[in-house]
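Here's the structure we're looking at; comments come further down.
Every number in this text was worked out from the coordinates using simple rules, so none of it is lab data. Worth saying up front: this structure is predicted, and the values here are computed from it rather than measured. Neighbour counts are summed over all protein chains in view; Cβ atoms, including those assigned to glycine, are modelled from backbone coordinates with ideal geometry.
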Amino acid sequence: MAVTINKVSSDTELREISELADTVWHECFTDIISLGQIDYMVEKFQSYKAMTSQIAEQDYSYYAVRENAELCGYIGVKPERDNRFFLSKLYLRSDKRGRGIASLMLKKIFEEAENCGKEKVYLTVNKHNERAIAVYLRTGFVIADKAVTDIGNGYVMDDYIMEYTL
Ligand SMILES: CC(C)(COP(=O)(O)OP(=O)(O)OC[C@H]1O[C@@H](n2cnc3c(N)ncnc32)[C@H](O)[C@@H]1OP(=O)(O)O)[C@@H](O)C(=O)NCCC(=O)NCCS
């Protein structure tokens, strides 16, 4: 398995990630939130336009995860002003799961957080996303809090906030 995880630096690659995001979100959230909410969230957070703005205006970075050069996942992160590093997105195509690739992705995230001088990595995860929660707990994250966030259009995100101490 030749897995690479590299920072996205071209518009072409960001467009490729937005297409993967559309596929993965529609596959993995179908049992958790409504199709209307998935469509809304993909457009608001994971479209090419949304990600371009996050990178330009909010200090986000995206990473492309490739196996044998084929795009199979992506990461989105953002350093906060305090001692925390925000893990915003961690997504793998369904046929690539269960093989330890997420562990490589999390290792990369911890390295990037340390390079930024941060002490904690935190994330939000839907309370019903059992597999992701199990992966985070297994990796050493703890549930620190919960949050219901209004994202507009009548939709909310009902999340745990999890954190990992570096
Ligand atoms: C979350 C996601 C990236 C994890 O990827 P994955 O391929 O399933 O995870 P891995 O196989 O790399 O497992 C990571 C670790 O968690 C462990 N793990 C996996 N599933 C587990 C489970 N159900 N219970 C306990 N541990 C588990 C693995 O053993 C591994 O630990 P190890 O390296 O010490 O063996 C992937 O499932 C995904 O893309 N899901 C859909 C999108 C999503 O929900 N993203 C998160 C949004 S917050």
Fill in the blank from the handout: As straight-line cross-link partners of residue 118, the qualifying aspartates and glutamates (C-alpha separation under 12 Å, not fewer than 8 residues apart within one chain) are 80, 82
Practice task
Kindly flag which residue pairs out of 44/127; 107/146; 96/146; 49/89 have an alpha-carbon separation exceeding 18 Å in this structure.
Solution key: 44/127; 107/146; 96/146
Practice task
For the stretch 3-165, just the Cα set please: Rg and Dmax, both in angstrom.
Solution key: 14.9, 41
Practice task
Could you list the residues of the stretch 60-94 with an amide nitrogen less than 13 Å from a label point located 7 Å from the Cα of residue 119 in the Cα-to-C-beta direction?
Solution key: 82-85
Problem - Label-point gap, in nm, between residue 138 and residue 61 - each point 7 angstrom along Cα→Cβ - result: 2.6 nm
Fill in the blank from the handout: Whole-Hz Karplus couplings 3J(HN,Hα) for the stretch 88-94, θ = phi - 60° and coefficients 6.51, -1.76, 1.60, Gly and Pro as x, run 8, 9, 9, 9, 10, 4, 4
Exercise for the section: Out of all DSSP beta bridges with both ends in the stretch 3-165, state the antiparallel percent to the nearest 5. Expected result: 90 percent
Practice task
Work out from phi, with θ = phi - 60° and the Karplus expression 6.51 cos²θ - 1.76 cosθ + 1.60, the ³J(HN,Hα) of each residue of the stretch 151-164, listed in order in whole Hz, and give x for Gly and Pro.
Solution key: 10, x, 6, x, 9, 10, 9, 10, 10, 8, 9, 10, 9, 10
Fill in the blank from the handout: Across all Cα atoms of the stretch 69-119, Rg and the largest Cα-Cα distance (Dmax), in Å, are 12.2, 37
Problem - Among 135, 62, 47 the positive-end extreme of the charge dipole of the chain (Cβ point charges) - result: 135
Completion exercise
For the stretch 33-39, in residue order, the Karplus 3J(HN,Hα) values (coefficients 6.51, -1.76, 1.60; θ = phi - 60°; whole Hz; Gly and Pro = x) are 10, 6, 4, x, 5, 4, 4
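Do the sum for the chain: with -39,500 (n - 2.57) for every DSSP H run of n ≥ 4, divided by all residues, what is the mean residue ellipticity at 222 nm, to the nearest 500 deg cm²/dmol?
Values: 5 runs with 61 residues, N = 166.
The helix-only estimate for the chain comes to -11500 deg cm²/dmol at 222 nm.
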Handout entry: Ratio Rg/Rh, restricted to the stretch 11-96 and using Cα atoms, in which Rh is the Kirkwood radius
Key = 0.97
Exercise for the section: Report, in debye and to the nearest 20, how large the dipole of the stretch 3-165 comes out about its Cα centre when Lys and Arg carry +1 and Asp and Glu carry -1 on their Cβ. Expected result: 440 debye
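Starting from the Kirkwood Rh over alpha-carbon pairs, what translational D in µm² s⁻¹ does the stretch 88-157 have by Stokes-Einstein at 20 °C and 1.002 mPa s? Please report the intermediate quantities before stating the final value.
On the way: Rh = 13.9 Å.
The diffusion coefficient I find is 154 µm²/s.
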Exercise for the section: Just report the Cα centroid separation between the stretch 122-136 and the stretch 41-91, whole Å. Expected result: 17 Å
